[in-house]
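Colleague: Would you mind keeping the following structure in view while I ask a few things?
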Amino acid sequence: MEPDVLVLPDPEAVAEEAAQRFSRWAVEAVNARGRFSAALSGGSTPGALFRRLAKEPFRGEIPWDGVHLFWADERCLPPDHPGSNYRLAHEALIAHVPLPPENVHRLRGEWEAERAARAYAAELQDFFCGPRPRFDLVLLGLGSDGHTASLFPGSPALEEREKLAAAVEAHYQDRSAYRVTLTLPVLNTARHVLFLVTGRAKADIVQAVLAGADEGVPARQVRPAAGHLTWLLDAAAAM
Ligand code: 6PG
């Protein structure tokens with residue numbers, strides 16, 4: 001299935017469109033199944049979306065009691081570290097909405113990567129009551145090297161077909177960091193996968209992912225078999 005690609009004027013418009021979809025999908029999922037499970041992306045792009053969800057009308061219309069937040073990946077850092085994906089979501093969203101604490105399924109970045117990956121996989125199996133989690137929504141970003149979540153070009157984690165979460169060592173932007181990431185089988189089982197990509201610096205890699213032929217680019221391997229794949233781009237990233 002080809003992805004839906006929507007080009008919006010600027011990052012704020014991307015955040016607004018993503019917030020409208022998050023809210024709609026949350027209401028639909030809670031009405032249909034009693035809960036909404038979302039795996040959040042990290043990096044800087046989703047901050048605008050998180051801040052929007054923490055404000056009206058979204059704050060008031062989203063059924064937070066039924067919302068369960070997970071992460072698509074996490075850096076192996078303490079939760080209060082500036083580089084923590086959890087910290088970004090906590091400061092921009094979680095601290096401002098009536099989300100029950102037990103609905104926040106934090107990836108333990110303060111633990112050694114393999115231990116954190118095992119614990120996270122166990123929590124996923126427990127929450128989804130089975131071997132294969134099906135998220136209602138997986139939010140993803142795109143690195144300038146084509147990585148998404150913490151699935152980097154050439155990483156053995158890209159070949160993982162059994163584990164739900166993998167420990168990786170990532171060399172990106174001149175820094176090496178241990179991380180934990182959801183694996184492709186989990187990403188590709190989601191009901192909705194939503195990429196948020198903004199900025200001129202991403203235009204070339206967006207073109208390579210959406211129109212290129214190099215299957216080795218990690219983000220090209222995200223194709224939910226029975227779900228919807230949507231890319232929200234601002235005009236600069238779509239140039
Ligand atoms: C991470 C993210 C990663 C991110 C991309 C884009 O932990 O770094 O999960 O996959 O989405 O690197 O990051 P920016 O939004 O900062 O460009």
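Colleague: So which residues in the stretch 108-146 are part of a loop (DSSP other than H, G, I, E, B) and under 19 Å from residue 194 (Cβ atoms)? Spell out how you get there, then give the answer.
Modeller: Filtering the stretch 108-146 for residues part of a loop (DSSP other than H, G, I, E, B) gives 108-112, 129-136, 141-146.
Listed by number, the residues that qualify are 133, 134, 135, 136, 141, 142, 143, 146.
Colleague: Right, another one. From the set of residues in the stretch 51-68 that are surrounded by 14 or more Cβ atoms within 10 Å (Cβ to Cβ) and part of a loop (DSSP other than H, G, I, E, B), which is nearest to the ligand (Cβ to nearest atom)?
Modeller: For the stretch 51-68, the residue satisfying everything is 54.
For every residue, the table says whether it meets (1) in contact with a strand residue (DSSP E or B) (Cβ under 7 Å, 6 or more places away or on another chain); (2) over 26 Å from residue 83 (Cα atoms); (3) of a type outside the set (Val, Ile, Thr).
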| residue | (1), (2), (3) |
| --- | --- |
| 2 | no, yes, yes |
| 23 | no, yes, yes |
| 41 | yes, no, yes |
| 47 | no, no, yes |
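Colleague: When residues of the stretch 117-134 are filtered for being surrounded by 24 or more Cβ atoms within 10 Å (Cβ to Cβ) and either near the ligand (Cβ under 10 Å from one of its atoms) or among the acidic types (Asp, Glu) (or both), how many remain?
Modeller: Qualifying residue count, the stretch 117-134: 0.
Colleague: Among (1) at pLDDT 95 or above; (2) closer than 25 Å to residue 134 by Cβ, where does residue 199 come up short?
Modeller: Against the list (1) at pLDDT 95 or above; (2) closer than 25 Å to residue 134 by Cβ, residue 199 comes up short only on (2).
Colleague: Can you tell me which residue in the stretch 87-106 is surrounded by the fewest Cβ atoms within 10 Å (Cβ to Cβ), limited to those that are touching an Asp or Glu at 6+ places or on another chain (Cβ under 9 Å) and touching a residue at least 24 places away in the same chain (Cβ under 8 Å)?
Modeller: Once the filter is applied, the top-ranked residue is 98.
Colleague: What are the residue pairs meeting all of these: first residue in the stretch 69-86, first residue under 26 Å from residue 98 (Cβ atoms) and part of a loop (DSSP other than H, G, I, E, B), second residue among the charged types (D, E, K, R) and away from the ligand (no atom under 12 Å from the Cβ), Cβ atoms under 6 Å, and 6 or more apart or on different chains?
Modeller: Every condition considered, the pairs that remain are 78/110.
Colleague: If you go through the stretch 1-12, how many residues are over 19 Å from residue 58 (Cα atoms), out of contact with any Asp or Glu (no Cβ under 8 Å at 6 or more places or on another chain) and either of a type outside the set (Asp, Glu) or outside any loop (DSSP other than H, G, I, E, B) (or both)? Write out each step before concluding.
Modeller: Step one: filter the stretch 1-12 for residues over 19 Å from residue 58 (Cα atoms), giving 1-10.
This time we only want the ones that are out of contact with any Asp or Glu (no Cβ under 8 Å at 6 or more places or on another chain), so: 1-5.
Remaining after also requiring either of a type outside the set (Asp, Glu) or outside any loop (DSSP other than H, G, I, E, B) (or both): 1, 3-5.
The total comes to 4.
Colleague: Something else about it: Looking at the structure I just gave you, is residue 113 within 19 Å of residue 37 (Cβ to Cβ) and surrounded by 16 or more Cβ atoms within 10 Å (Cβ to Cβ)?
Modeller: Working: within 19 Å of residue 37 (Cβ to Cβ): no; surrounded by 16 or more Cβ atoms within 10 Å (Cβ to Cβ): yes.
So residue 113 does not fit the description; no.
Colleague: Further question: Give the residue, chosen from 137, 164, that is within 29 Å of residue 102 (Cβ to Cβ) and either within 13 Å of the ligand (Cβ to nearest atom) or in contact (Cβ under 8 Å) with a residue 60 or more places away in the chain (or both).
Modeller: On the way: 164 fails: either within 13 Å of the ligand (Cβ to nearest atom) or in contact (Cβ under 8 Å) with a residue 60 or more places away in the chain (or both).
The match here is 137.
Colleague: Does residue 24 satisfy the criteria of being touching an Asp or Glu at 6+ places or on another chain (Cβ under 8 Å), of a type outside the set (A, V, I, L, M) and free of Cβ contacts under 8 Å to residues at least 60 places away in the same chain? Talk me through it step by step, then tell me what you get.
Modeller: Working: touching an Asp or Glu at 6+ places or on another chain (Cβ under 8 Å): no; of a type outside the set (A, V, I, L, M): yes; free of Cβ contacts under 8 Å to residues at least 60 places away in the same chain: yes.
The answer is no for residue 24.
Colleague: Which condition from (1) part of a strand (DSSP E or B); (2) within 16 Å of the ligand (Cβ to nearest atom); (3) not hydroxyl-bearing (Ser, Thr, Tyr) is the one that residue 15 breaks?
Modeller: (1)
Colleague: So which of 237, 166, 211, 170 is modelled with pLDDT under 95, surrounded by 18 or more Cβ atoms within 10 Å (Cβ to Cβ) and at negative phi? Spell out how you get there, then give the answer.
Modeller: Numbers: 237 fails: modelled with pLDDT under 95; 166 fails: modelled with pLDDT under 95; 211 fails: surrounded by 18 or more Cβ atoms within 10 Å (Cβ to Cβ).
The unique qualifying residue is 170.
Colleague: Let me ask you something else. Restricting attention to the stretch 189-217, which residues are among the hydroxyl-bearing types (Ser, Thr, Tyr) and more than 15 Å from the ligand (Cβ to nearest atom)?
Modeller: Result: 189, single match.
Colleague: Restricting to the stretch 140-161, give me the number of residues that are away from the ligand (no atom under 16 Å from the Cβ) and within 12 Å of residue 218 (Cα to Cα). If you could, list the steps in order and put the result at the bottom.
Modeller: The initial filter retains those residues of the stretch 140-161 that are away from the ligand (no atom under 16 Å from the Cβ), namely 156, 159-161.
From what is left, the residues that are within 12 Å of residue 218 (Cα to Cα) are 156, 159.
Within the stretch 140-161, residues that are away from the ligand (no atom under 16 Å from the Cβ) and within 12 Å of residue 218 (Cα to Cα) number 2.
The values are calculated or read from the model by the stated rules, or taken from the named source; none is laboratory data. Every value quoted in this text rests on a predicted model; they were computed, and no experiment measured them. Cβ atoms come from the backbone with ideal geometry, glycine included; neighbour counts cover every protein chain shown.
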